[in-house]
Amino acid sequence: MPRSRPGALRAPQTPHFGWSLPPDRIHGLSARTSLAIHRVERLSGDYYIYPGATDRALREYRAFFQPPGRRPLYPQETTCSCRGCSFYDVRHARDVLEQVVQQLPFRPRAELEGHVRVLDSRYRERTLPDPFAARRQWRSDRWWRRRLARSPEAG
Ligand SMILES: [Zn+2]
């Protein structure tokens, strides 16, 4: 860790992001929380947590409920586990949100959690419980993985 130069201390309004660009504000979240999230993403050693992952996860989670209605929805398993394709499974989006929430400081955490909770209640309403999740589902300790899903070949 290099020592801060006095000039750096006098210019706190010019954040230094190193190799990555200053983050865009995540839709619906404050600039402060977006920045905290970007920091978590940038410092994460996890392959699936990268700059922009939280924004993508929130968008995928919201998109899951389109079109709006009452018809039950089924998370879709993916055939490719790369960090791009994984998002086609909404449960992966929820995993990413969980992981980021856990690493955020208190206030940004509360703000992101508030958004996630709203989506969670819709998810509970629109998906169906899977009574055999413990037997066939990876990470069935996570409640959002104990819902009936479609396998890729089912389309
Ligand atoms: Zn892929």
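The values are calculated or read from the model by the stated rules, or taken from the named source; none is laboratory data. Keep in mind the model is a prediction, meaning the values are calculated, not measured. In this analysis, Cβ positions are derived from the backbone assuming ideal geometry, glycine residues included, and neighbour counts consider all displayed protein chains. Ligands, DNA and RNA are stripped out before the accessible areas are found, and what is left, the full protein with its side chains, is counted by its heavy atoms. Shrake-Rupley method; radii C 1.70, N 1.55, O 1.52, S 1.80 Å.
In the range 39-76, which trypsin sites (Lys or Arg not before Pro) are in a loop and have at most 13 other Cβ atoms within 10 Å, using DSSP for the loop call?
R70
So which trypsin sites (Lys or Arg not before Pro) in the range 78-121 end up in coil per DSSP with only 16 or fewer other C-beta atoms within 10 Å?
R83
May I ask which residue of P67, G45, A110 lies farthest towards the positive end of the charge dipole of the range 30-154, with charges of +1 (Lys, Arg) and -1 (Asp, Glu) on Cβ and the Cα centre as origin?
Toward the positive end, the furthest listed residue is P67.
Using the Karplus curve 6.51 cos²θ - 1.76 cosθ + 1.60 with θ = phi - 60°, what ³J(HN,Hα) values do you get for each residue of the range 51-63, in whole Hz, with x for Gly and Pro?
With coefficients 6.51, -1.76 and 1.60, one gets x, x, 5, 5, 4, 4, 4, 5, 5, 5, 5, 5, 5 Hz.
According to the square roots a ≥ b ≥ c of the eigenvalues of the Cα gyration tensor, what is the shape class of the range 80-155, taking rounded for a/c under 1.5, prolate for a/b larger than b/c otherwise, and oblate for the remainder?
It comes out prolate by the Cα gyration axes.
If I take R0 = 41 Å and measure r between the Cβ atoms of F65 and L43 in this structure, what FRET efficiency does the formula 1/(1 + (r/R0)^6) give, to the nearest 0.05?
For F65 and L43, the calculated efficiency is 0.85.
Rg and Dmax in Å for the range 20-72, alpha carbons only: what are they?
Expressed in Å, the Cα Rg and Dmax of the range 20-72 come to 13.4, 41.
According to the square roots a ≥ b ≥ c of the eigenvalues of the Cα gyration tensor, what is the shape class of the range 30-154, taking rounded for a/c under 1.5, prolate for a/b larger than b/c otherwise, and oblate for the remainder?
Since a/c reaches 1.5 and a/b is larger than b/c, the shape of the range 30-154 is classed as prolate.
Search the structure for amide H atoms under 5 Å from the amide H of Q76, placed 1.01 Å from N in the peptide plane, and list their residues when 5 or more places away or on another chain.
Those lying under 5 Å, H to H, from Q76 are V90, R91, R150.
About the Cα centre of the range 30-154, what is the dipole size in debye to 20, counting +1 per Lys and Arg Cβ and -1 per Asp and Glu Cβ, all else neutral?
Magnitude of the dipole: close to 300 debye.
Measuring from label point to label point, each 7 Å out along Cα→Cβ, what is the R56 to D120 span in nm?
2.4
Taking the Cα-to-Cβ direction at R136 and at L148 and moving 7 Å from each Cα, how far apart do the two end points lie in nm?
1.1
Order the following by accessible area, largest value first: W138, W143. Probe radius 1.4 Å; ligands, DNA and RNA are ignored.
Descending accessible area places them as W138, W143.
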